1. What ³J(HN,Hα) values, in whole Hz, does the Karplus curve 6.51 cos²θ - 1.76 cosθ + 1.60 give for segment 76-82 when θ = phi - 60°, with x put for Gly and Pro?
2. Amide H neighbours of LEU77 under 5 Å, counting only residues 5+ apart in sequence or on other chains, H built in-plane at 1.01 Å?
3. Using the Cα centre of segment 64-112 as the reference point, and only Cβ charges (+1 on K/R, -1 on D/E), how large is the resulting charge dipole? Debye, rounded to the nearest 20.
4. Once you've got the GNM for the chain with C-alpha springs shorter than 10 Å, pick whichever of ASP71, ASP100, ASP110 has the biggest mean-square fluctuation.
5. Which one of ARG127, ARG108, ARG23 has the biggest mean-square fluctuation once the chain is modelled by GNM with Cα springs under 10 Å?
6. What helices does the chain have that are whole DSSP H segments, at least 15 Å long along their own axis by Cα, and with mean Kyte-Doolittle hydropathy of -0.5 or more?
7. Taking only protein heavy atoms into account and a 1.4 Å probe, give the accessible area per residue of the chain in Å².
8. Considering the chain as a Gaussian network with a 10 Å cut-off on Cα pairs, which listed residue, GLY122, GLY93, GLY31, attains the greatest mean-square fluctuation?
Amino acid sequence: MRNYLIDGGSGTGKTTVCDELQRRGYQAVHGDRELRSAPEPDEDTSGRASDSHLPPLWDLAKVKGLLADQDEAVTFLCGGSRNSSEFIDLLDGVFVLEVDDLDTVMRRIDERVLVDPSDWGGRQEEREIIMRLHHTKEGIAQGRAIDASAPLQLVVDEILRHIH
């Protein structure tokens, strides 16, 4: 069994890549949705733009359970995790989706906000954070860079090429 993290900044395609991996029959988990840990009792959950840009904490018990699952030959954990340092040594690799062109990133953000106006990037202060983080790469795991500006099929093919 092999386990991989797919990380990247906002608008780089983590969710879309995860969906495509699932469509192709791989165990791919939307970390931001399925692995998010419950907030700590003293954690601010107001979602203010000043702190909501931080990746969520992932439930380590869930993560470790998935990584130990002997029934799946390959597992992909997709999304950003603030506590990835606590499980990154259990992974066989990390892929970092990158889109150099900020206009492409912002167009993708615009498309998802059209579907759900409450999604991250819908408010101007969030957009400013996305633009800053696009340049700094803050909060992104280190790993093999994947050009996520390519068509989806090619992005996923590239990831799969590296694991086989």
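The values are calculated or read from the model by the stated rules, or taken from the named source; none is laboratory data. What you are looking at is a predicted structure, and each value in this text was computed from that prediction instead of being measured. Backbone-built Cβ (ideal geometry, glycine too); neighbour counts: all protein chains shown. Note: areas computed on protein heavy atoms with side chains; ligands, DNA, RNA excluded. Shrake-Rupley method; radii C 1.70, N 1.55, O 1.52, S 1.80 Å.
1. Computed from phi, the couplings for segment 76-82 are 10, 9, 10, x, x, 10, 5 Hz.
2. Close amide H contacts, sequence-distant or interchain: TYR4, LEU5, ILE6, VAL29.
3. The calculation lands at about 200 debye.
4. Per the Cα network of the chain with a 10 Å cutoff, ASP71 tops the list.
5. ARG23
6. Length and hydropathy pass: 102-115, 152-163.
7. 55
8. Judging by the Gaussian network model, the answer is GLY122.
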